[in-house]
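> Just passing along the structure, written as C-alpha cells.
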Amino acid sequence: MRCALLLLLLLQGADLQALLRRGKYQEAVAAAQSPAALRKALLDSKNPAQARGVIQEVVHLRGVLRDPAKAAEWLARLGDYRPVRAEALTSAGYLYMRARLTDAAIAVLEDALAIKKTGLALTYLGDAYRRSGDTGKALTTLMKAAGHRDAPERYLQDAALSVAARLRGKGDQRYAQLLEAVGLQLKGAVWLKEDAFYEADPSRTRALRKLALKLFRKGLGGNAPAVAYWEASALGDGDERFGWLVEAVRRGRDAMNPSVHQAPAALLGLARECARRKRYVAALSLAQQRLRIGPCPAAWEVIESLPPETRAP
C-alpha cells in the first residue's frame, strides 16, 4: 500500500513539474492531491519564481474559494522550500485569519517575521493581534509595518483605524501617532479636535489642539482646498490662525467671478481677525467681499465696528 502511494506521488510530481515549467500554476494547484506532491515538484524544479506562483494560486484557489484553513496548512508545508518560506508562512497567516483561527495566524506570522521582516507580514500580524484583543501589540506592530514600503496601504489603514478607535475609547492619545504613521493624518486631526472640545483641562485642550493642527498641516498637503484651511484655522491661535485664514481666502477666491468663494466663512473670519488687529482697510474689503456672495448680518457687524473714516465712501 505504501509503495503504491509513493508511486502515485512520484507520477503526480512529474505531471506537476510539467505544468510548472509551462507556468500553469493554477492548473498545478488544482491537480495536486496533496501538499506533499506540490512540495516535491517545487523542490525538484528548484525555481523560486514557480514556487511564488504556486503560493499565490493556493491562496486564491484553495484558500479564498474553498477551505482557507486547509490551504493555510498546505502553505505551511510548502514553506519547507526555504527560498519562499517567509512568503508561504505570511500567506498562511492571512488564510488562518480568513478562517478565524487567530492564534494559528499569530504563530505562523511570527515565524515568518523571524525569517524575514516585511511590511506585509507585519500588517497581517498587527491585524491578528487586533483580532485577539491585544491592542498594545497591535499598535506596536502596525507602527512598524508603516515604516515598510511593501505594506499594503488600504489593509494597513483599515486595521490601524480599528485599533485607533479602541485606543481613543480608552482615552489613549497614542491613536494620533498611529493614524499619522499610516497616512490618516486628517482623520487623526478631526478626532483630536473633537477630543479637545470635550476636554475640561485648559492645558490639555491646548495640547490636543496643537497636535491636531500639526496633523492637519501634514495631512492637507499643498493642494488642499480652501475649506480644509478654514477647518484648520479653528485649531490655531494668534498668527497661526491668521495665516490659515489668509490661505483659505487665497485658495478659495474665484478670479473670474468675485461673487463666488469656496469657503465664504473664511472671508468673514479673516475680516474679523483684521478688524481685531486694526487692519481696517483689509477688514472692510473682506467684509464687502463676503456680502457680494450673499446676505450676511455678521459681515455688516464687522463693517459697523470699523472707525467711521474707514467706512466713508
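The values are calculated or read from the model by the stated rules, or taken from the named source; none is laboratory data. Just so it is clear, the structure is predicted and the values come from calculations on it, not from any experiment. Neighbour counts are summed over all protein chains in view; Cβ atoms, including those assigned to glycine, are modelled from backbone coordinates with ideal geometry.
> Of the residues Ala69, Ala14, which single one is surrounded by fewer than 19 Cβ atoms within 10 Å (Cβ to Cβ), in a helix (DSSP H, G or I), among the small types (Gly, Ala, Ser) and modelled with pLDDT under 70?
Ala14
> Looking only at the range 229-248, count how many residues are modelled with pLDDT of 85 or more and crowded, with 22+ Cβ neighbours inside 10 Å.
Final tally of qualifying residues: 6.
> Something else about it: Give me the pairs: first residue in the range 301-313 and on the phi < 0 side of the Ramachandran plot, second residue modelled with pLDDT of 85 or more and surrounded by fewer than 16 Cβ atoms within 10 Å (Cβ to Cβ), beta-carbon distance under 7 Å, and six or more apart or on different chains, which are they?
These pairs meet every condition: Thr310/Val281.
> Asp195 fails exactly one of the following numbered conditions: (1) modelled with pLDDT of 90 or more; (2) outside any helix (DSSP H, G or I). What is the number of that condition?
The number of the failed condition is (2).
> Taking only pairs six or more apart or across chains, which ones have beta-carbon atoms under 7 Å, a first residue in the range 86-101 that is closer than 17 Å to Ala114 by Cβ, and a second residue that is of a type in the set (Asp, Glu) and surrounded by fewer than 24 Cβ atoms within 10 Å (Cβ to Cβ)?
Leu89/Asp111
> Can you give me the ranges of the helices (runs of 4 or more DSSP H) entirely in the range 96-165 with at least 3 residues that are over 25 Å from Asp67 (Cα atoms) and of a type outside the set (Phe, Trp, Tyr)?
Fully inside the range 96-165 and qualifying: 135-146.
> So Leu270 passes all but one of these: (1) free of Cβ contacts under 8 Å to residues at least 24 places away in the same chain; (2) closer than 19 Å to Ala282 by Cβ; (3) in contact with a helix residue (DSSP H, G or I) (Cβ under 8 Å, 6 or more places away or on another chain). Which condition number does it fail?
Evaluating Leu270 over (1) free of Cβ contacts under 8 Å to residues at least 24 places away in the same chain; (2) closer than 19 Å to Ala282 by Cβ; (3) in contact with a helix residue (DSSP H, G or I) (Cβ under 8 Å, 6 or more places away or on another chain) leaves (1) as the failure.
> Next up: Name every residue in the range 288-300 that is in contact with a helix residue (DSSP H, G or I) (Cβ under 9 Å, 6 or more places away or on another chain) and of a type outside the set (Val, Ile, Thr), in order of residue number.
Gln288, Gln289, Arg290, Leu291, Gly294, Cys296, Ala298, Ala299, Trp300
> For the range 206-221, indicate whether the set of residues that are out of contact with any strand residue (DSSP E or B) (no Cβ under 9 Å at 6 or more places or on another chain), over 16 Å from Glu247 (Cα atoms) and in a loop (DSSP other than H, G, I, E, B) is non-empty.
no
> If a residue has to be within 9 Å of the chain's Cα centre (by Cα), buried (at least 17 other Cβ atoms within 10 Å of the Cβ), within 26 Å of Ala114 (Cβ to Cβ) and not small (Gly, Ala, Ser) to count, how many in the range 158-185 make the cut?
Going through the range 158-185 one residue at a time, the tally reaches 1.
> Also, quick follow-up: Show the residue pairs that are 6+ apart or on different chains and have beta-carbon atoms under 6 Å apart, the first residue being within the range 184-201 and more than 24 Å from Leu156 (Cα to Cα), the second being modelled with pLDDT of 85 or more and surrounded by fewer than 19 Cβ atoms within 10 Å (Cβ to Cβ).
Between residues of the range 184-201 that are more than 24 Å from Leu156 (Cα to Cα) and residues that are modelled with pLDDT of 85 or more and surrounded by fewer than 19 Cβ atoms within 10 Å (Cβ to Cβ), the close pairs are Ala196/Thr205; Glu199/Thr205.
> Go through Leu78, Leu142 for me and flag whichever is closer than 30 Å to Leu211 by Cα and either surrounded by 22 or more Cβ atoms within 10 Å (Cβ to Cβ) or among the hydroxyl-bearing types (Ser, Thr, Tyr) (or both).
Leu142
> Residues of the range 270-283 being in a helix (DSSP H, G or I), surrounded by fewer than 23 Cβ atoms within 10 Å (Cβ to Cβ) and not hydroxyl-bearing (Ser, Thr, Tyr), which ones?
Arg272, Glu273, Ala275, Arg276, Val281, Ala282
> Scan the range 123-136 for residues that are in contact with a Lys or Arg (Cβ under 9 Å, 6 or more places away or on another chain) and under 14 Å from Leu178 (Cα atoms) and jot them down.
Once the filter is applied, which keeps residues that are in contact with a Lys or Arg (Cβ under 9 Å, 6 or more places away or on another chain) and under 14 Å from Leu178 (Cα atoms), the range 123-136 yields Gly126, Arg130, Thr135.
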